[in-house]
1. Per the Kirkwood treatment, what hydrodynamic radius in Å, one decimal, follows for region 31-80 from the mean inverse distance over all distinct Cα pairs?
2. Could you derive backbone 3J(HN,Hα) for region 102-112 from the dihedral phi with the Karplus parameters 6.51, -1.76 and 1.60 (θ = phi - 60°), listing whole Hz in sequence and x where the residue is Gly or Pro?
3. Using per-residue counts of other Cβ atoms within 10 Å, averaged over each peptide, order 74-83, 14-23, 107-116, 94-103 from highest down.
4. Positive end of the dipole of the chain, charges at C-beta (+1 Lys, Arg; -1 Asp, Glu), about the Cα centre: which of TYR86, LEU100, LEU112 has its Cα farthest in that direction?
5. Over region 52-131, one equal point on each Cα, no solvent: what is log10 I(q)/I(0) by the Debye formula at q = 0.16 Å⁻¹?
6. With all protein chains present, how much of the accessible area of region 9-136 (probe radius 1.4 Å) comes from carbon and sulfur, to the nearest whole percent?
7. Kindly give Rg over Rh for region 2-59, based on alpha-carbon atoms, with the Kirkwood expression for the hydrodynamic radius.
8. With springs only between Cα atoms under 10 Å apart, run a GNM on the chain and tell me which of SER122, SER48, SER59 wobbles the most.
Amino acid sequence: MEHIEHLGIAVKDLEASIPLYEKLLNTVCYKREEVKSENVITAFFQTSNNKIELLQATSPESAIAKFIEKRGEGIHHVAFAVADIYKEMERLRSEGFRLLNEQPKKGADNKLICFVHPKDTSGVLTELCQEISEQV
Ligand code: CMX
């Protein structure tokens, strides 16, 4: 795995949290994107070296809605950049980690993504993400 690509933060209300994070980070939200397959709307912020993704549920079935109901707002996942997601998924599988999707799926901000079960990673939902290039 490479660097931390972003931190995902579950929020109840993007309209309230976007201006809050703009003030906190002193930068503007550069992108909002709905990911229908995940039942979320996302908002992204970039600081010098770090990226923050805010996530709001669009359905009670969303992983974000369930997370907030159980634990309240807060850090939902840590995402690592990977050069080759297929290879990294295979490596993690062979090490015994449970992957939450069999194949990489299309996530927000032009990425192929895969999640690793938080029960296998000391309680931290971990995401692999690979930038989608024209070759993929
Ligand atoms: N971080 C840490 N632990 C988490 C968690 C998270 N984000 N979400 C759930 N858990 C814990 C629960 O607290 C629970 O622990 P306990 O049994 O100790 O109470 C355990 O995992 C199982 O949780 P659950 O509520 O029974 O199961 P869910 O149906 O909520 O599924 C998970 C949990 C992680 C498997 C599911 O949320 C998932 O598949 N996530 C991956 C997809 C995702 O998160 N999509 C949203 C983001 C998309 C994006 O970034 O674009």
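1. Numbers: mean 1/r = 0.0863 Å⁻¹.
One over the average 1/r among Cα pairs gives 11.6 Å for region 31-80.
2. Whole-Hz 3J(HN,Hα) from phi for region 102-112: 5, 10, x, 10, 7, x, 6, 6, 6, 10, 8.
3. Ranking the peptides 74-83, 14-23, 107-116, 94-103 by packing returns 107-116, 74-83, 14-23, 94-103.
4. LEU100
5. Once normalised to I(0) and log-transformed, intensities are -0.62.
6. Working: 3750 of 7460 Å².
Taking all protein chains in place, region 9-136 shows 50 percent carbon and sulfur surface.
7. Rg/Rh: 0.96.
8. Among SER122, SER48, SER59, the largest mean-square fluctuation in the Gaussian network model of the chain belongs to SER48.
The values are calculated or read from the model by the stated rules, or taken from the named source; none is laboratory data. Here the structure is a predicted model, which means the values were calculated and not measured. Cβ sites come from the backbone with ideal geometry, for glycine too, and all protein chains shown count toward neighbours. Areas reflect the complete protein model, heavy atoms only, side chains present, ligands, DNA and RNA absent. Shrake-Rupley method; radii C 1.70, N 1.55, O 1.52, S 1.80 Å.
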